[in-house]
Amino acid sequence: MADSPMTLSEHLATQQAYLSTEHARNVAAVVGRIGRVAAVIAQELAHAALRDRLGYVGAANATGDQVKKLDVWGHDALVAALRETRARAALISEESAEPVEMEAGGTHALVVCADPVDGSSNLDVNGAVGTIFSLRSSRGKTPAGPQALGAGTDQIGAGYVMYGPATALVYTVGQGAHGFTLAPETGEFLLTHPDIRIPRRGKAYGINEGNVHTWHPGQRAFIEHLKARDKASGRPYSLRYSGAMVADVHRTLLDGGLFMYPADWSDPAKPKAKLRLLYEVAPMSFITEQAGGRASTGLERVLDVVATDYHQRVAVILGSPEDVATADEFYRR
Ligand code: AFP
């Protein structure tokens, strides 16, 4: 009989060797907690319409987005889960303007940056949503939140949960990206996609084409290139876009291709991006690179971008390395 797949906590134990001793136990504790709260969030999503949890709370969050009831519920559930361990020092969340400092964190406690419910616009239409998280060192500092400000290369770990037909969790601590599937009957995440390797080139791209008029000329030319008919290079690519970064990145990691959310270049002197660096783009870029992919802003490697604000926004083009390289070429022209 085939061995039962490894659980998330068993797999985290195998990753300890790749982490500094001071962080190893804390990373396992925090990712383990996030796995457990993700199983609860999956349950809540499945019952949301039955428990009057759909719709808005009637207020805006730190970045001006109208907040859904499940955004707040997801944030509170994550805060409560993180408070149950001493492995964390602070949480930077899409739903909180300032860091949520958490006392009694150990010396090497972690700063967690998270989008508790990514893709909120999909919630009321039963579309796929997710949770995105990034782990950084608090360096033993108090307050710890400001320690999250820095380059994406400072991340110790990152991951996401996708709530789709199945609930999937993918994480990295810098030794490849590994995928798990939730067994609803036990609430355990089991290893189903060890060491994910993104194809070098894909056949699909994800972007909100409604913004085409605001794009950098290189971005527009690149999309025209993907749409042009050329059998030899597998073009045209198909358009696949879900409205939730987690779902679009998950598809891209497994099937190859691209997920893009370029900046608005209506005023070339001040390009305006949408997606948030610390708890959307930096963690997804770390995971993508660990799966053999590439992540660019169009002008530079995402992981080299230094965060100076908790809710800073940045453009992103991520996915198959050869496809992202081609996109960068179009931006340089
Ligand atoms: P929310 O989490 O606020 O719903 O935003 C989702 C998101 O940040 C990201 O998950 C999507 O890729 C992107 O925004 C969708 O944006 P558009 O609705 O502008 O296409």
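The values are calculated or read from the model by the stated rules, or taken from the named source; none is laboratory data. In this text the structure is predicted, and so the values were computed from the model without any measurement. Glycine gets a Cβ as well: all are built from the backbone with ideal geometry, and neighbour counts include every protein chain shown. Note: accessible area is taken over every heavy atom of the protein model, side chains too, but ligands, DNA and RNA are not part of it. Shrake-Rupley method; radii C 1.70, N 1.55, O 1.52, S 1.80 Å.
Taking the range 95-116 as the range and being touching a Phe, Trp or Tyr at 6+ places or on another chain (Cβ under 9 Å) and open to solvent by less than 10 Å² (accessible area, probe 1.4 Å) as the test, the residues that pass are VAL112, CYS113, ALA114, ASP115, PRO116. Filtering the range 256-310 to residues that are assigned to a loop (DSSP other than H, G, I, E, B), in contact with a Lys or Arg (Cβ under 8 Å, 6 or more places away or on another chain) and within 14 Å of the ligand (Cβ to nearest atom) leaves ALA263, ALA273, LYS274, LEU275. Residues in the range 262-289 that are under 13 Å from the mean Cα position of the chain (by Cα) and of a type in the set (S, T, N, Q) were compared, and the one that is nearest to HIS250 (Cα to Cα) is THR288. The set of residues from the range 43-68 being surrounded by 19 or more Cβ atoms within 10 Å (Cβ to Cβ) and either among the aromatic types (Phe, Trp, Tyr) or in contact with a Phe, Trp or Tyr (Cβ under 7 Å, 6 or more places away or on another chain) (or both) comprises LEU45, VAL67, LYS68. Contact map, the range 242-255: first residue over 10 Å from VAL129 (Cβ atoms) and near the ligand (Cβ under 8 Å from one of its atoms), second residue hydrophobic (A, V, I, L, M, F, W, C) and open to solvent by less than 30 Å² (accessible area, probe 1.4 Å), Cβ cut-off under 6 Å, separation 6 or more or different chains; pairs are ASP248/PHE259.
Within the range 31-72, the residues that satisfy the criterion of being within 21 Å of ALA168 (Cβ to Cβ) and of a type in the set (A, V, I, L, M, F, W, C) are VAL31, ILE34, VAL37, ALA38, ALA39, VAL40, ILE41, ALA42, LEU45, ALA46, ALA48, LEU70.
If you filter the range 118-143 down to residues that are in a loop (DSSP other than H, G, I, E, B) and modelled with pLDDT of 95 or more, you find that the one that is farthest from VAL249 (Cα to Cα) is ASN126.
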